[in-house]
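Enquirer: I'd like to ask you about the structure that follows.
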Amino acid sequence: MVRPPLTSWDRERGRQLGRLLREARGERSMVEVAAACGVSVDALRKIETGRVPTPALFTVAAVAATLAISLDDLVAACRDDGPEQDWDLPATRPRAI
């Protein structure tokens, strides 16, 4: 499967996510946070600088949990200035049987 190329908005959203995580890290060192959430310092650095604009969900979840940020808040903050999209999800989803 070929992945479609990232749009400029995808890259900007990645930079925005990185800025939010960097701000939330505050005075804590990158080494301390990376060790606490189980990711490499290099991976955290790349996310914070936007070099990885679409990091894995579980990586973001681990970093967010370590920094006491909800994923809902991150999603809301990273989609505010993006292109018009339909973000409404169905209240219930059909269950697979």
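Any read-out appearing in this document is the output of simple, stated calculations on the displayed coordinates, not a laboratory observation. Everything numeric in this text was worked out from a predicted model, so none of it was measured. All Cβ positions, glycine included, derive from the backbone under ideal geometry; neighbour counts span all protein chains shown.
Enquirer: Being of a type outside the set (D, E, K, R) and in contact (Cβ under 8 Å) with a residue 40 or more places away in the chain: is that true of Val60 here? Full working, then the answer.
Expert: Working: of a type outside the set (D, E, K, R): yes; in contact (Cβ under 8 Å) with a residue 40 or more places away in the chain: yes.
Yes; evaluated as a whole, the condition is true for this residue.
Enquirer: Using beta carbons and a limit of 7 Å, which pairs, at least six apart or on different chains, have the first residue in the stretch 2-22 and free of Cβ contacts under 8 Å to residues at least 60 places away in the same chain and closer than 26 Å to Ala65 by Cβ and the second one part of a helix (DSSP H, G or I) and of a type in the set (Asp, Glu)?
Expert: Close Cβ pairs satisfying both conditions: Gly18/Glu48; Leu21/Glu48; Arg22/Glu48.
Enquirer: Can I ask one more? So how many residues does the stretch 31-50 have that are surrounded by fewer than 14 Cβ atoms within 10 Å (Cβ to Cβ) and either free of Cβ contacts under 8 Å to residues at least 24 places away in the same chain or not polar (S, T, N, Q) (or both)? Give the derivation first.
Expert: Applying the first criterion (surrounded by fewer than 14 Cβ atoms within 10 Å (Cβ to Cβ)) to the stretch 31-50 yields 31-32, 38, 40, 42, 49.
With the extra rule that they be either free of Cβ contacts under 8 Å to residues at least 24 places away in the same chain or not polar (S, T, N, Q) (or both), the set shrinks to 31-32, 38, 40, 42.
The number of residues fulfilling the criteria is 5.
Enquirer: On to the next question. Residue by residue through the stretch 47-67, note down the ones that are of a type in the set (A, V, I, L, M), in contact with a helix residue (DSSP H, G or I) (Cβ under 8 Å, 6 or more places away or on another chain) and either over 10 Å from Leu21 (Cβ atoms) or outside any helix (DSSP H, G or I) (or both).
Expert: Residues satisfying the conditions are Val52, Ala61, Ala62, Ala65, Leu67.
Enquirer: Mind checking which residues of the stretch 1-44 are farther than 21 Å from Asp73 by Cα, assigned to a helix (DSSP H, G or I) and not hydrophobic (A, V, I, L, M, F, W, C)?
Expert: The answer is Ser8, Glu32, Asp42.
Enquirer: Any idea how many residues of the stretch 26-72 are among the hydroxyl-bearing types (Ser, Thr, Tyr), under 12 Å from the mean Cα position of the chain (by Cα) and over 16 Å from Arg15 (Cβ atoms)?
Expert: So the answer is 2.
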